[in-house]
Amino acid sequence: MTSRTTRSIATGAAALLIASGLAVGTGAAVASAVPSACATAQTVTFNDINTLGTNYYLNKEVVGDGTAAPGGTVTFRTTVSGAGALVTAIQDFHPAGFELVQARSSVWYLLGGQTWTTVTNDVTRDSATNSVRYSGAGWTTAGNAKATLETTYRVPADATPGEVLNTGAATNLALVSGYRVANPINTCVTIREPNPTEVVTGSLDGLGLGSVTSGSTALGDIGADPATFSADLINGLDLGQLIGAAAGS
(Lines give C-alpha, C1' and ligand atoms only; values in the text may rest on other atoms or scores of the structure.)
Protein backbone atom coordinates (compact mmCIF):
# COMPACT_ATOMS: atom_id res chain seq x y z
CA MET A 1 0.00 0.00 0.00
CA THR A 2 1.48 3.33 -1.02
CA SER A 3 2.05 6.12 1.47
CA ARG A 4 -0.39 8.29 -0.48
CA THR A 5 -3.12 5.66 -0.14
CA THR A 6 -2.37 5.28 3.56
CA ARG A 7 -2.67 9.02 4.11
CA SER A 8 -5.96 9.08 2.20
CA ILE A 9 -7.43 6.33 4.38
CA ALA A 10 -6.24 8.03 7.56
CA THR A 11 -7.68 11.36 6.46
CA GLY A 12 -11.01 9.77 5.57
CA ALA A 13 -11.19 7.99 8.93
CA ALA A 14 -10.47 11.19 10.82
CA ALA A 15 -13.13 13.03 8.85
CA LEU A 16 -15.63 10.28 9.65
CA LEU A 17 -14.86 10.52 13.36
CA ILE A 18 -15.26 14.28 13.36
CA ALA A 19 -18.51 14.06 11.42
CA SER A 20 -19.89 11.60 13.96
CA GLY A 21 -19.06 13.97 16.80
CA LEU A 22 -16.07 12.05 18.15
CA ALA A 23 -12.77 13.73 18.93
CA VAL A 24 -9.60 12.56 17.25
CA GLY A 25 -6.50 11.73 19.25
CA THR A 26 -6.91 13.64 22.53
CA GLY A 27 -10.64 13.53 23.20
CA ALA A 28 -10.89 17.32 22.85
CA ALA A 29 -14.35 18.82 23.08
CA VAL A 30 -16.44 19.16 19.96
CA ALA A 31 -18.84 22.10 20.16
CA SER A 32 -21.65 23.22 17.97
CA ALA A 33 -20.71 26.22 15.89
CA VAL A 34 -20.79 29.48 17.80
CA PRO A 35 -23.39 31.79 16.19
CA SER A 36 -21.64 34.29 13.94
CA ALA A 37 -23.83 37.28 14.80
CA CYS A 38 -23.94 39.11 18.13
CA ALA A 39 -27.05 38.65 20.27
CA THR A 40 -28.05 39.24 23.88
CA ALA A 41 -28.18 35.46 24.53
CA GLN A 42 -26.37 32.52 22.96
CA THR A 43 -26.14 28.78 23.61
CA VAL A 44 -23.35 26.42 22.56
CA THR A 45 -23.84 22.63 22.67
CA PHE A 46 -21.00 20.24 23.52
CA ASN A 47 -21.20 16.60 22.48
CA ASP A 48 -18.07 14.46 22.20
CA ILE A 49 -16.55 11.12 23.13
CA ASN A 50 -16.09 12.21 26.75
CA THR A 51 -19.78 13.10 27.17
CA LEU A 52 -20.69 9.65 25.84
CA GLY A 53 -22.74 11.18 23.08
CA THR A 54 -24.92 13.25 25.44
CA ASN A 55 -25.41 16.99 25.20
CA TYR A 56 -24.15 19.69 27.57
CA TYR A 57 -25.18 23.30 27.09
CA LEU A 58 -23.29 26.50 27.80
CA ASN A 59 -25.61 29.50 27.73
CA LYS A 60 -24.70 33.15 28.28
CA GLU A 61 -27.09 36.09 28.33
CA VAL A 62 -27.06 39.81 29.03
CA VAL A 63 -29.62 40.59 31.72
CA GLY A 64 -31.92 43.41 30.63
CA ASP A 65 -32.04 45.04 27.23
CA GLY A 66 -28.45 44.27 26.25
CA THR A 67 -27.18 47.84 26.65
CA ALA A 68 -25.09 49.70 29.21
CA ALA A 69 -23.93 53.29 29.64
CA PRO A 70 -20.34 54.43 30.27
CA GLY A 71 -19.75 54.29 34.03
CA GLY A 72 -22.91 52.22 34.51
CA THR A 73 -23.31 48.52 35.24
CA VAL A 74 -24.20 45.46 33.21
CA THR A 75 -25.05 41.93 34.34
CA PHE A 76 -24.34 38.63 32.58
CA ARG A 77 -25.58 35.13 33.41
CA THR A 78 -23.64 32.03 32.35
CA THR A 79 -25.55 28.76 32.78
CA VAL A 80 -24.44 25.16 32.37
CA SER A 81 -26.89 22.29 31.96
CA GLY A 82 -26.81 18.79 30.59
CA ALA A 83 -27.00 15.07 31.13
CA GLY A 84 -25.94 14.80 34.78
CA ALA A 85 -22.18 15.35 35.08
CA LEU A 86 -20.99 17.63 37.86
CA VAL A 87 -19.99 21.19 37.04
CA THR A 88 -16.79 22.09 38.91
CA ALA A 89 -16.24 25.58 37.49
CA ILE A 90 -17.95 28.34 35.50
CA GLN A 91 -15.88 31.07 33.86
CA ASP A 92 -17.11 34.38 32.48
CA PHE A 93 -14.99 36.29 29.96
CA HIS A 94 -15.82 40.01 30.03
CA PRO A 95 -14.72 42.98 27.89
CA ALA A 96 -11.41 44.61 28.83
CA GLY A 97 -11.69 47.30 31.48
CA PHE A 98 -14.91 45.99 33.05
CA GLU A 99 -14.64 45.78 36.86
CA LEU A 100 -16.52 43.17 38.86
CA VAL A 101 -19.08 44.65 41.26
CA GLN A 102 -20.92 41.51 42.36
CA ALA A 103 -21.06 37.80 41.63
CA ARG A 104 -23.85 35.36 42.49
CA SER A 105 -24.33 31.66 41.86
CA SER A 106 -27.43 29.53 41.45
CA VAL A 107 -26.79 25.81 41.95
CA TRP A 108 -28.81 22.86 43.16
CA TYR A 109 -28.48 21.80 46.81
CA LEU A 110 -29.82 18.62 48.39
CA LEU A 111 -31.44 20.82 51.03
CA GLY A 112 -33.04 23.85 49.48
CA GLY A 113 -33.00 22.94 45.80
CA GLN A 114 -31.91 25.58 43.30
CA THR A 115 -30.64 28.51 45.37
CA TRP A 116 -29.00 31.90 44.71
CA THR A 117 -25.93 32.79 46.79
CA THR A 118 -23.65 35.84 46.72
CA VAL A 119 -20.12 34.65 45.86
CA THR A 120 -18.29 37.91 45.11
CA ASN A 121 -15.51 37.09 47.56
CA ASP A 122 -15.20 33.50 46.34
CA VAL A 123 -14.48 34.05 42.65
CA THR A 124 -11.08 34.24 40.98
CA ARG A 125 -10.44 37.33 38.88
CA ASP A 126 -7.89 37.04 36.08
CA SER A 127 -6.86 40.32 34.47
CA ALA A 128 -4.69 38.49 31.94
CA THR A 129 -7.69 36.72 30.42
CA ASN A 130 -10.33 39.31 31.43
CA SER A 131 -12.29 36.61 33.22
CA VAL A 132 -14.03 35.73 36.47
CA ARG A 133 -14.08 32.07 37.53
CA TYR A 134 -16.16 30.39 40.21
CA SER A 135 -15.09 26.90 41.26
CA GLY A 136 -16.50 24.27 43.62
CA ALA A 137 -16.53 20.60 44.51
CA GLY A 138 -19.21 19.98 41.92
CA TRP A 139 -22.80 20.96 41.17
CA THR A 140 -25.14 18.49 39.52
CA THR A 141 -26.81 18.84 36.15
CA ALA A 142 -29.01 15.80 36.75
CA GLY A 143 -32.78 16.09 36.77
CA ASN A 144 -32.80 19.41 34.89
CA ALA A 145 -30.62 21.07 37.55
CA LYS A 146 -28.46 23.93 36.31
CA ALA A 147 -25.37 25.76 37.51
CA THR A 148 -25.34 29.52 36.92
CA LEU A 149 -22.80 32.27 37.53
CA GLU A 150 -24.19 35.81 37.47
CA THR A 151 -21.64 38.62 37.21
CA THR A 152 -22.28 42.36 37.44
CA TYR A 153 -19.60 44.73 36.14
CA ARG A 154 -18.88 48.46 36.16
CA VAL A 155 -18.46 49.68 32.59
CA PRO A 156 -15.42 51.95 32.00
CA ALA A 157 -16.35 55.63 32.09
CA ASP A 158 -14.55 56.17 28.77
CA ALA A 159 -16.51 53.48 26.91
CA THR A 160 -17.72 54.78 23.55
CA PRO A 161 -21.47 54.84 22.84
CA GLY A 162 -22.21 52.68 19.83
CA GLU A 163 -19.54 50.11 20.62
CA VAL A 164 -20.66 46.48 20.56
CA LEU A 165 -18.51 44.44 22.95
CA ASN A 166 -18.24 40.67 22.73
CA THR A 167 -17.87 38.24 25.65
CA GLY A 168 -17.09 34.58 26.27
CA ALA A 169 -17.87 31.71 28.61
CA ALA A 170 -16.42 28.42 29.76
CA THR A 171 -17.11 25.57 32.14
CA ASN A 172 -15.34 22.59 33.59
CA LEU A 173 -17.23 19.30 33.86
CA ALA A 174 -16.21 16.34 36.00
CA LEU A 175 -15.28 14.37 32.88
CA VAL A 176 -12.04 13.43 31.14
CA SER A 177 -10.84 16.61 29.39
CA GLY A 178 -13.78 18.38 30.98
CA TYR A 179 -12.89 22.01 30.15
CA ARG A 180 -15.32 23.45 27.61
CA VAL A 181 -14.87 26.98 26.29
CA ALA A 182 -16.60 29.33 23.86
CA ASN A 183 -14.60 32.55 23.79
CA PRO A 184 -16.00 34.52 22.17
CA ILE A 185 -19.53 33.20 22.48
CA ASN A 186 -21.00 36.25 20.70
CA THR A 187 -23.17 37.34 23.59
CA CYS A 188 -22.66 41.08 23.21
CA VAL A 189 -23.44 44.27 25.10
CA THR A 190 -23.97 47.57 23.29
CA ILE A 191 -22.69 50.78 24.85
CA ARG A 192 -25.31 53.55 24.71
CA GLU A 193 -25.56 57.17 25.77
CA PRO A 194 -26.38 57.67 29.49
CA ASN A 195 -30.01 58.42 30.29
CA PRO A 196 -30.90 61.52 32.44
CA THR A 197 -30.77 59.52 35.67
CA GLU A 198 -27.32 58.19 34.89
CA VAL A 199 -26.01 61.61 33.83
CA VAL A 200 -27.01 63.28 37.12
CA THR A 201 -25.94 60.46 39.43
CA GLY A 202 -22.65 60.21 37.57
CA SER A 203 -22.11 63.93 38.11
CA LEU A 204 -22.72 63.53 41.86
CA ASP A 205 -20.14 60.74 41.94
CA GLY A 206 -17.69 63.01 40.15
CA LEU A 207 -18.18 65.73 42.77
CA GLY A 208 -17.19 63.33 45.51
CA LEU A 209 -20.71 63.13 46.99
CA GLY A 210 -20.97 59.41 46.42
CA SER A 211 -23.79 57.48 44.87
CA VAL A 212 -27.31 58.71 45.50
CA THR A 213 -28.00 55.32 47.03
CA SER A 214 -25.49 56.01 49.81
CA GLY A 215 -27.67 58.77 51.27
CA SER A 216 -31.34 58.70 52.18
CA THR A 217 -32.47 58.28 48.55
CA ALA A 218 -32.85 54.89 46.92
CA LEU A 219 -32.14 55.20 43.22
CA GLY A 220 -34.96 52.81 42.44
CA ASP A 221 -37.45 55.29 43.95
CA ILE A 222 -36.41 58.14 41.65
CA GLY A 223 -38.50 58.62 38.53
CA ALA A 224 -36.72 58.09 35.22
CA ASP A 225 -39.03 60.62 33.52
CA PRO A 226 -36.95 63.77 32.87
CA ALA A 227 -39.99 65.90 33.79
CA THR A 228 -40.05 64.58 37.34
CA PHE A 229 -36.46 63.45 37.82
CA SER A 230 -35.07 66.75 39.16
CA ALA A 231 -37.84 67.13 41.75
CA ASP A 232 -37.46 63.51 42.84
CA LEU A 233 -33.72 63.91 43.18
CA ILE A 234 -33.90 67.15 45.19
CA ASN A 235 -36.61 65.79 47.48
CA GLY A 236 -34.59 62.68 48.14
CA LEU A 237 -31.12 64.14 48.69
CA ASP A 238 -29.58 63.80 52.12
CA LEU A 239 -29.01 67.50 52.94
CA GLY A 240 -26.91 66.59 55.94
CA GLN A 241 -24.53 64.75 53.66
CA LEU A 242 -24.32 67.70 51.27
CA ILE A 243 -23.72 70.24 54.06
CA GLY A 244 -21.10 68.03 55.62
CA ALA A 245 -19.31 67.64 52.32
CA ALA A 246 -19.35 71.40 51.76
CA ALA A 247 -18.03 72.12 55.26
CA GLY A 248 -15.20 69.68 54.82
CA SER A 249 -14.05 71.12 51.51
Item to check | The one condition in (1) modelled with pLDDT of 95 or more; (2) touching a Ser or Thr at 6+ places or on another chain (Cβ under 7 Å) that ALA68 fails to fulfil | outcome: (2)
Next on the checklist: Just checking: which of the strands (runs of 3 or more DSSP E) contained wholly in the range 114-200 hold 2 or more residues that are buried (at least 18 other Cβ atoms within 10 Å of the Cβ)?
Outcome noted: 131-139, 147-154, 168-173, 179-182, 189-191
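The values are calculated or read from the model by the stated rules, or taken from the named source; none is laboratory data. Predicted, not measured: the structure shown is a model, and the values here were computed from it. When we count neighbours, we look across all protein chains shown, and the Cβ atoms used for this are built from the backbone with ideal geometry, even at glycine.
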